[in-house]
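A quick write-up on the structure given underneath.
Please treat every number below as a calculation from the coordinates, not as lab data. The structure displayed is predicted, hence computed values, not measured ones. Glycine gets a Cβ as well: all are built from the backbone with ideal geometry, and neighbour counts include every protein chain shown.
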Amino acid sequence: MPMQEVIREDTKSSEVAFHNARFAADGSGERPADRFYNITLRSYHAYRARLRRDCVGKRALEIGCGTGHHSLELIKEGAIVTGIDISDVAIEVANDRATDLGLPSDFRVMDAERLDFSRGMFNLVYGTGILHHLNLDAVLPEITRVMSPDGHAVFIEPMGHNPVINAYRKLTPSQRTQDEHPLTTADLRGFREHFGKAELRFFYLFTLLAAPLANIKAIGPVVDALHAVDQRLFAYIPALQKFAWMVMMDLSQPRCERYS
């Protein structure tokens, strides 16, 4: 086996161990830093709204489904959902949750870089905070391969250019795996090699100022005001988009050899 493949397999083993430990703790996979995500409701509302749009009867694949929160929501909306994760502990929890709710479940342990699905099988592929754990050169061709020609891929991912966020990442190495690579502008340009259309929406720049106060109930109006400032800045000064905390991507027109 080539050295590069050996290194990649070792990386995947460490990812499995890290995430199994997270989900085995209490089944939620929550981390101490997750309290800061209370200021990210707008991006996740936008994400959920996009997934629910025209999902009834559609075949959907969630990559990095964890314990199945988003997939179970989409199943309730009428989508036919398959969820995959590299963590067998998370998949067990997801299937148990579906059973408890009386919902059909198709959660599987699977490597996203080697999808075991037929070409063009899914109308929708989606995930939150998963692509930056993966080798984009390996996973993007797999995503386009399993997408239907008129399908969409929707993801929320962290960006890697904000110096404040990067400093926090360096100070809290135990909260993430060593191989994580938040997306860069070069990565975003690379997505266009695999998709004919890429709609990007950026979130959270000055909104980050509210992060330390995220658990205070009265912080809502402050977050709303800072969000409005961010959206204006991103619209009028596109160069600032790279310093956003997160990006939501709606990718379509998959460039796959099957459709060329």
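If you plug the beta carbon distance of VAL222 and ASP116 into 1/(1 + (r/R0)^6) with R0 = 35 Å, you get a FRET efficiency near 0.15.
Counting neighbouring Cβ atoms within 10 Å and putting the fewest first, the residues ASP96, ASP187 line up as ASP96, ASP187.
Take the Cα of VAL109, go 7 Å toward its beta carbon, and the backbone nitrogen atoms of segment 58-93 under 14 Å from that spot belong to 84-93.
Need one word for segment 134-214: rounded, prolate or oblate. Basis is the Cα gyration tensor (sqrt eigenvalues a ≥ b ≥ c); a/c below 1.5 gives rounded, then a/b vs b/c decides. Because a/c hits 1.5 or more and a/b exceeds b/c, segment 134-214 counts as prolate. Model label sites at GLU77 and GLU92, defined 7 Å from Cα along the beta-carbon direction, differ in position by 3.1 nm. For a Förster distance of 22 Å, can you work out the FRET efficiency between the beta-carbons of SER252 and ARG189, rounded to the nearest 0.05? FRET efficiency, SER252 to ARG189: 0.85.
Between ARG48 and ASP137, the distance separating the two model label sites (each 7 Å from Cα on the Cα→Cβ line) works out to 3.8 nm. Between ALA198 and GLN178, full extension at 0.36 nm per residue minus the direct alpha carbon distance yields a gain of 4.4 nm. The alpha carbon gyration tensor of segment 82-121 gives principal lengths a ≥ b ≥ c with a/c of 1.5 or higher and a/b no greater than b/c, which makes the shape oblate. Once the convex hull of all Cα atoms in segment 57-169 is built, its volume per residue stands at 117 Å³.
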